Amino acid sequence: RTCDQLRCTACDFCVSLFNDYIWDQSCDYLFFRNNMPELSKLRAKMIKKKGARAYACQCSWRSIDELTDLQTDQQLRWVCGKH
């Protein structure tokens, strides 16, 4: 399970999540900075992958396809936005 209300403390954006997708390896900071949170623009770099999940805010992104503890990633500044 994961929090569906994640918020980035670095860019102050809500973290979007997309089930059954991963991010293309060509994604970079400017892509997310210019296109978040518009799904129609983000789709250009989304790859369908059953069982995976793509996460992104305006400054960070991750593709997860196995059980992963995101709290161990020291580069991420994502916290629960409270429910």
Query raised in the report: List, please: which pairs have Cβ atoms under 8 Å, are six or more places apart or on different chains, and start with a residue in segment 64-83 that is of a type in the set (Gly, Ala, Ser) and end with one that is surrounded by 11 or more Cβ atoms within 10 Å (Cβ to Cβ) and assigned to a strand (DSSP E or B)?
Result: Gly81/Leu6; Gly81/Arg7; Gly81/Cys14
Query raised in the report: Within segment 47-83, can you find the residues that are within 11 Å of the chain's Cα centre (by Cα), of a type in the set (A, V, I, L, M) and at pLDDT 95 or above?
Result: Ala54, Ala56
Query raised in the report: With Cys3, Cys11 as the choices, which residue is surrounded by fewer than 17 Cβ atoms within 10 Å (Cβ to Cβ), on the phi < 0 side of the Ramachandran plot, touching a Ser or Thr at 6+ places or on another chain (Cβ under 9 Å) and in a loop (DSSP other than H, G, I, E, B)?
Result: Cys11
Report summary line: Filtering segment 32-63 for residues that are without any contact (Cβ under 8 Å) to a residue 12 or more places away in the chain and over 17 Å from Ile22 (Cα atoms) leaves a count of 1
Report summary line: Reported set for segment 28-69 where residues are among the aliphatic types (A, V, I, L, M) and either in a strand (DSSP E or B) or open to solvent by 40 Å² or more (accessible area, probe 1.4 Å) (or both) is Leu30, Leu39, Ala44, Met46, Ile47, Ala52, Ala54, Ala56, Ile64, Leu67
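The values are calculated or read from the model by the stated rules, or taken from the named source; none is laboratory data. Model, not experiment: these values are computed from the prediction. Quick reminder, even Gly has a Cβ in these numbers, built from the backbone with ideal geometry, and neighbours come from all protein chains shown. Protein only, heavy atoms only, side chains kept; ligands, DNA and RNA dropped before computing areas. Shrake-Rupley method; radii C 1.70, N 1.55, O 1.52, S 1.80 Å.
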